[in-house]
1. Of the conditions (1) open to solvent by less than 50 Å² (accessible area, probe 1.4 Å); (2) at pLDDT 70 or above; (3) within 30 Å of Gln27 (Cβ to Cβ), Gly218 satisfies every one except a single condition; which number is it?
2. With Asp45, Asp67 as the choices, which residue is of a type outside the set (Phe, Trp, Tyr) and open to solvent by less than 80 Å² (accessible area, probe 1.4 Å)?
3. If we keep just the residues of region 79-95 that are in a strand (DSSP E or B) and either of a type in the set (Val, Ile, Thr) or under 28 Å from Glu131 (Cβ atoms) (or both), which is most open to solvent (accessible area, probe 1.4 Å)?
4. Could you please let me know if Ser117 is hydroxyl-bearing (Ser, Thr, Tyr) and open to solvent by less than 70 Å² (accessible area, probe 1.4 Å)?
5. Which one of the conditions (1) at pLDDT 90 or above; (2) open to solvent by less than 40 Å² (accessible area, probe 1.4 Å) does Gly139 fail to meet, given that it meets all the rest?
6. So which residues in region 99-114 are open to solvent by less than 50 Å² (accessible area, probe 1.4 Å) and assigned to a loop (DSSP other than H, G, I, E, B)?
7. Find all pairs meeting these conditions: Cβ atoms under 9 angstrom apart; at least six residues apart or on different chains; first residue within region 35-56 and under 13 Å from Ala70 (Cα atoms) and assigned to a helix (DSSP H, G or I); second residue open to solvent by 40 Å² or more (accessible area, probe 1.4 Å) and of a type in the set (Val, Ile, Thr).
8. Answer yes or no: is there a residue in region 60-77 that is at pLDDT below 80 and part of a helix (DSSP H, G or I).
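The values are calculated or read from the model by the stated rules, or taken from the named source; none is laboratory data. Every value quoted in this text rests on a predicted model; they were computed, and no experiment measured them. Neighbour counts are summed over all protein chains in view; Cβ atoms, including those assigned to glycine, are modelled from backbone coordinates with ideal geometry. The area values use the complete protein model at the heavy-atom level, side chains included, leaving out ligands, DNA and RNA. Shrake-Rupley method; radii C 1.70, N 1.55, O 1.52, S 1.80 Å.
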Amino acid sequence: MGLFWMGCLLAMSSGTEFRAPIFKWAQTRQFIHITVMIKTSSPDDVSILLNNHNGRGKLFLETTVEDKTAQLNLEFLLEIDREISSYKVQGHFVNFKISKKEPGFWSRLLYTKTRPSNMKIDFKKWIEPPESEGYIDGGDPDEEEEEKESTRRKKKKKKKRKKSARKVKNRSLKSNGYSREVWRRIEDFANKLQDSFSSFHTLPWGTKVAYAYLIGVGGAMVVTLLGLCAWDSLQGWREEKMVSGRDKQD
């Protein structure tokens, strides 16, 4: 595995302009056949690495002739068996016979679904799978990325819902505490008012008028406080319904 990445780094750091050679591929149930079309004066001028990384096979090929470098870097759909795989340099071709780690017909050669322009089908070696067997799919890179993004969005949405629920709960607790305090004060005021009424007939006329004025103002205050409590409770109820409605939609 280390040799594969070392070869890739050395190739990229050399400052040479590369071209991707044309290659043809075909498959059987057990093997992948790849023919790379290159120009080389000697088999020793061709650098080849075969390996597995992150559950997928890798092929790296590089050759330089007359200051022109051809490089091929492939990431296969699934794992390969490097021990059984082989290759042979013949003139202007490099023929690979790569063994699959698990027998079966792959749905495509490369992990990426984008087909490179230098890849062709070798129809002379191609074998179609039986109808009862079908193809093996090694996964969709776009779907995997979409699934990760969807998971991130769900976590963010869940965190936001929890935060909103905490705000509603705190507001509801605060509202209930405020309402209880208002009702306690109203009750105290009513008790004092009842005590005042018990001795109201003994008071002078001017004092009676003052008491009547205070009772009117107190009554207006009570009605205002009750309205505020009702409005606050209604707002808390509406926020709870909105949060529960969003949870049902999700």
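1. Result: Gly218 fails condition (3) only.
2. Numbers: Asp67 fails: open to solvent by less than 80 Å² (accessible area, probe 1.4 Å).
It is Asp45.
3. Restricting attention to region 79-95, the residues satisfying the condition of being in a strand (DSSP E or B) are 80-90, 93-95.
Then drop every residue that is not either of a type in the set (Val, Ile, Thr) or under 28 Å from Glu131 (Cβ atoms) (or both), which leaves 80-81, 84, 89, 94.
Details: Ile80: 5, Asp81: 45, Ile84: 97, Val89: 33, Val94: 0 Å².
Selected residue: Ile84.
4. Numbers: hydroxyl-bearing (Ser, Thr, Tyr): yes; open to solvent by less than 70 Å² (accessible area, probe 1.4 Å): no.
Spelling it out, it is not the case that Ser117 is hydroxyl-bearing (Ser, Thr, Tyr) and open to solvent by less than 70 Å² (accessible area, probe 1.4 Å).
5. (1)
6. Residues satisfying the conditions are Gly104, Arg108, Leu109, Tyr111.
7. Filtered contacts from region 35-56: Asp45/Thr64.
8. Residues of region 60-77 at pLDDT below 80: 65-67.
In the following step, the residues that additionally are part of a helix (DSSP H, G or I) were identified as none.
Among the residues of region 60-77, not one is at pLDDT below 80 and part of a helix (DSSP H, G or I), which makes the answer no.
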